[in-house]
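The values are calculated or read from the model by the stated rules, or taken from the named source; none is laboratory data. All values derive from a computational prediction rather than experimental measurement. Here the Cβ positions follow ideal geometry from the backbone for every residue, glycine too, while neighbour counts run over all protein chains shown.
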Amino acid sequence: MSNTPELYALLVGVDRYDPRSRVPNLRGCVNDVEAMADLLQRKYGLAATNMRKLTNEAATHQAIKLAFRHHLIKQAKAWAEAGSSGAPPAFVFHYSGHGSQ
């Protein structure tokens, strides 16, 4: 039994916004997601299957909520329900973009 927790990550980056929203586009948010993914994989051994990335048009309000529920919360519940005595999983949520809706 390992003391190293299983790691799960949800990474969200939005550079391009709907022009109707009047929210200016950004540069670098998707790059932030890629840099974070690289760091988590290289330094912390995050398995690609434990990482979910949502960028630009895929990063809708609904998609983020669903990914949070199904990718992060579901894993936490599964660990708790299994009654595991090992280290609990660790979770990372990373967002890069405007703070507007």
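Structure values in brief
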{"item": "Residue list for the range 9-29, restricted to those being modelled with pLDDT under 95 and not in a loop (DSSP other than H, G, I, E, B)", "result": "19, 20, 21"}
{"item": "The listed residue being without any contact (Cβ under 8 Å) to a residue 24 or more places away in the chain and more than 17 Å from residue 7 (Cβ to Cβ), out of 63, 59", "result": "63"}
{"item": "Within the range 18-45, considering residues that are farther than 23 Å from residue 99 by Cα and either free of Cβ contacts under 8 Å to residues at least 12 places away in the same chain or more than 13 Å from the chain's Cα centre (by Cα) (or both), the one surrounded by the most Cβ atoms within 10 Å (Cβ to Cβ)", "result": "41"}
{"item": "All positions within the range 70-91 that are in contact (Cβ under 8 Å) with a residue 24 or more places away in the chain, of a type outside the set (A, V, I, L, M, F, W, C) and over 14 Å from residue 4 (Cβ atoms)", "result": "71, 75, 85"}
{"item": "Count of the range 46-93 residues which are loosely packed, with under 12 Cβ neighbours inside 10 Å, under 26 Å from residue 27 (Cα atoms) and among the small types (Gly, Ala, Ser)", "result": "1"}
